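Notes for the one structure printed next.
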Amino acid sequence: MSKIASYGEINLPIRVGVIGTGFAAKVRTQNIVAESRTHLVAVAGRTPERTVEFAESCNALPITDWPTLLQMSDIDLVIVATINGDHGQIVRAAIEAGKHTIVEYPLALNPQEAAEIIELAAAKKLLLHVEHIELLGGLHQMMREQLHHLGEVYYARYSTIVTQRPIPEKWTFHRSEFGFPLSAALSRLHRFTDLFGSIESINCHNRYWGGVGDYYKTCLCTAQLRFKNTNAIGEVIYGKGEGLWQNSRKFEVHGENGALVFDGDEGVLIQSGISTPLDLGARKGLFAKDLELVLDHLIDGQPIYVTPAASLGTLRVADAARISAETRRTVMVDS
C-alpha cells in the first residue's frame, strides 16, 4: 500500500530501523511491532552481544554498527535512541542517507549542529522529529488546561531529584556522553518554553562530585530564568546521584489568583485556601502516542505536537545555561 503525502510517496507499512538498545529503544521497538503502519527491520547497538540479544527479543535483524544500518535500502525510517553525545552525528548521517528520522531529545548537544541538521532535513524534504513526550503527559496537559485560573503568573519552579546508589559506570553519568545536565535533560526547560514562551536570560550553577575522569557520582544543576513576555520568575533544579538522598519531582506555578502544585503523580489547584485535586491520568503509553502522532504527520500530513525548531529554541536556552555555569554570569539567550 502506498500514498502521496507531504514528504512524497509513502509505502506502508513503513520499514523502521532502531539505533540503541536501552530503555527508550526497548519501548520504541515494542511500539513499532504493535503499530500496524510500521514494520521493524533491524536494530543497531554499541556492543555485539547486547545487540544480538536485543534484536532476537523483537524479531529484528541485529546490526553491529549504525552506519551499516543507515545504508540499508529496506529501511525508510530511523529511530535514534542511543547516547546523547552521538545523536548529532547519527541523525545527520541518517538524513544524508535519505531516511526519515525520529530522535530522542536532544537532537544534538551543540545548538549550531542541531540547526544545521534541521536545515538539511528541510532541504531534503525528510521528516525530522525530536521526541518531547513530556508535552503529551497528563501533568503538562493539565497545567495547560488550568493555567488560566492563576491570572498573572509570578513564579514557576520545576525540581527533579533522583537518588541512585551505587552509581553505574554508564553513559548517563559521563560528562561528554550525557552532556550538560540541562541539555541532556532538555524537557526540564522545555516545559517552561512551551508554557511561558521565550526565555530572555538565564543564570545557572552546576556542580559535579566524585567519580573518575569524565564519570561522576553526583550532579546538581540549578538555573533562574527570565522570560521575554512575562514578569514571572522561573527556576529549574535537576540533580541525580549518590550525594542526593531523597527522590523528588515537583512542578509548581504561583500567580495572582492561586497556584498549581504537582508533586509526583498528584496535582492540586489552590485558590482562596481551597485545594482541588487534579486527575493527571497515567504516565504510561507516551512513546506509543508519540509514534502515533508522528505517523499521522508523516503519512496524512496532520499537525505535529512539537517542531524541531521549538526543540532547538530550548536547546539554545540550555546551552546558554552551560555558558552561564562556566562563566558564573547571567547569559542572554540567542533566539
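For region 202-213, state whether one or more residues are surrounded by fewer than 19 Cβ atoms within 10 Å (Cβ to Cβ), charged (D, E, K, R) and farther than 16 Å from SER324 by Cα. No, that holds for no residue.
Quick check on this structure: which one of LEU269, LEU244 is among the hydrophobic types (A, V, I, L, M, F, W, C), over 18 Å from ASN203 (Cβ atoms), in a strand (DSSP E or B) and touching a residue at least 60 places away in the same chain (Cβ under 8 Å)? Exactly one residue qualifies, and that residue is LEU269. If the condition is being touching a Pro at 6+ places or on another chain (Cβ under 8 Å) and of a type in the set (Ser, Thr, Tyr), then region 233-267 contributes only TYR238.
If only residues of region 272-291 that are of a type outside the set (A, V, I, L, M, F, W, C) and surrounded by 14 or more Cβ atoms within 10 Å (Cβ to Cβ) are counted, the one that is modelled with the lowest pLDDT is GLY285. Can you find a residue that is at pLDDT below 95, over 19 Å from HIS190 (Cβ atoms) and over 19 Å from the mean Cα position of the chain (by Cα) anywhere in region 313-329? No, region 313-329 contains no residue that is at pLDDT below 95, over 19 Å from HIS190 (Cβ atoms) and over 19 Å from the mean Cα position of the chain (by Cα). Residues of region 262-284 that are in contact with a Gly (Cβ under 7 Å, 6 or more places away or on another chain) and among the β-branched types (Val, Ile, Thr): ILE270 alone.
So, in region 72-121, how many residues would count as being of a type in the set (S, T, N, Q), free of Cβ contacts under 8 Å to residues at least 40 places away in the same chain and not in a strand (DSSP E or B)?
To start, the set of residues in region 72-121 that are of a type in the set (S, T, N, Q) comprises 73, 82, 84, 89, 101, 110, 112.
Right, trim to free of Cβ contacts under 8 Å to residues at least 40 places away in the same chain and you get 73, 89, 101, 112.
From the residues that got through so far, the ones that are not in a strand (DSSP E or B) too are 73, 89, 112.
Matching residues across region 72-121 total 3.
Would you check if GLY301 is touching a residue at least 60 places away in the same chain (Cβ under 8 Å) and at negative phi?
Details: touching a residue at least 60 places away in the same chain (Cβ under 8 Å): yes; at negative phi: no.
When the stated conditions are applied, GLY301 does not pass them.
Of the residues making up region 145-155, at least one is surrounded by 21 or more Cβ atoms within 10 Å (Cβ to Cβ), in contact with a helix residue (DSSP H, G or I) (Cβ under 8 Å, 6 or more places away or on another chain) and assigned to a strand (DSSP E or B).
Give the number of residues within region 17-41 that are of a type outside the set (Lys, Arg) and buried (at least 22 other Cβ atoms within 10 Å of the Cβ). I'd like the intermediate steps shown before the answer.
Step one: of region 17-41, the residues of a type outside the set (Lys, Arg) are 17-25, 27, 29-36, 38-41.
Filter once more, keeping what is buried (at least 22 other Cβ atoms within 10 Å of the Cβ): 17-21, 25, 29, 32, 40.
So the count comes out to 9.
Taking region 214-241 as the range and being surrounded by fewer than 18 Cβ atoms within 10 Å (Cβ to Cβ) and outside any strand (DSSP E or B) as the test, the residues that pass are ASP214, LYS228, ASN229, THR230, ASN231.
The values are calculated or read from the model by the stated rules, or taken from the named source; none is laboratory data. Only a predicted model underlies this, so the values are computations on that prediction, with no experimental measurement involved. Please note: Cβ atoms are built from the backbone with ideal geometry, for glycine as well, and neighbour counts cover all protein chains shown.
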